[in-house]
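Undergrad: One structure is given below, represented as structure tokens, and several questions about it will come after.
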């Protein structure tokens, strides 16, 4: 146990002290500056369209979430009706189970008394039989049904908002344009924390 704790501690220290990196792009410009200006204009247009699409998506996410939520609520109500039916059945079975256990325990005491007082072989056998049946019955206790989880609008909305992306690949398009103009794009992985 101590070895495992020590190993976990060492792993935690190593992971928390491991270097953290960021990706940085270094642009080496070409001689044709006009071509680069077109790339910059296209990049800005791409970003503007992307931002507008992202904003529209966020606005529509509320409407989509409301539709999904109302459908999920209907399904939840149906599942809850099924749950209540199963729960009623569980209550009935539990009551039957309690009565059966009570009767068997009374029978067991009765046969136990006869067995110990009169050494009646048949009563001793019945006592053991009831004891065995009681053990079996105790392991087969009725279990309550699982209640369906309630649907939260906030989680539905959050999932719909996650579907909206503000990354349209504009940077990659710009880099490709930049390189087609004769420029070079150098991508470097730079250590920013815990560097050796």
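The values are calculated or read from the model by the stated rules, or taken from the named source; none is laboratory data. These numbers come from a predicted model, not from an experiment. All Cβ positions, even for glycine, are placed from backbone atoms using ideal geometry, and neighbour counts span all protein chains on display.
Undergrad: Given (1) part of a helix (DSSP H, G or I); (2) surrounded by fewer than 15 Cβ atoms within 10 Å (Cβ to Cβ); (3) at pLDDT 95 or above, where does residue 135 come up short, assuming only one miss?
TA: Of the numbered conditions (1) part of a helix (DSSP H, G or I); (2) surrounded by fewer than 15 Cβ atoms within 10 Å (Cβ to Cβ); (3) at pLDDT 95 or above, the odd one out for residue 135 is (3).
Residue-by-condition table, conditions (1) modelled with pLDDT under 90; (2) under 25 Å from residue 175 (Cβ atoms); (3) over 30 Å from the mean Cα position of the chain (by Cα); (4) surrounded by 12 or more Cβ atoms within 10 Å (Cβ to Cβ):
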site: 4; (1), (2), (3), (4): yes, no, no, no
site: 9; (1), (2), (3), (4): yes, no, no, no
site: 18; (1), (2), (3), (4): yes, no, no, no
site: 27; (1), (2), (3), (4): yes, yes, yes, yes
site: 46; (1), (2), (3), (4): no, yes, yes, yes
site: 49; (1), (2), (3), (4): no, yes, yes, yes
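Undergrad: Which one of the conditions (1) under 45 Å from the mean Cα position of the chain (by Cα); (2) in a helix (DSSP H, G or I); (3) at pLDDT below 95 does residue 98 fail to meet, given that it meets all the rest?
TA: With (1) under 45 Å from the mean Cα position of the chain (by Cα); (2) in a helix (DSSP H, G or I); (3) at pLDDT below 95 applied to residue 98, the lone miss is (3).
Undergrad: Considering only residues that are surrounded by 11 or more Cβ atoms within 10 Å (Cβ to Cβ) and either part of a strand (DSSP E or B) or in contact with a strand residue (DSSP E or B) (Cβ under 8 Å, 6 or more places away or on another chain) (or both), which ones fall in region 172-189?
TA: Listed by number, the residues that qualify are 175, 178, 179, 183, 184, 185.
Undergrad: Hey, can you tell me all the residues within region 120-145 that are free of Cβ contacts under 8 Å to residues at least 24 places away in the same chain and within 36 Å of the chain's Cα centre (by Cα)?
TA: 139, 140
Yes/no per residue for (1) surrounded by 12 or more Cβ atoms within 10 Å (Cβ to Cβ); (2) touching a helix residue (DSSP H, G or I) at 6+ places or on another chain (Cβ under 6 Å):
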{"residue": "55", "(1), (2)": "yes, no"}
{"residue": "74", "(1), (2)": "no, no"}
{"residue": "111", "(1), (2)": "yes, yes"}
{"residue": "119", "(1), (2)": "no, no"}
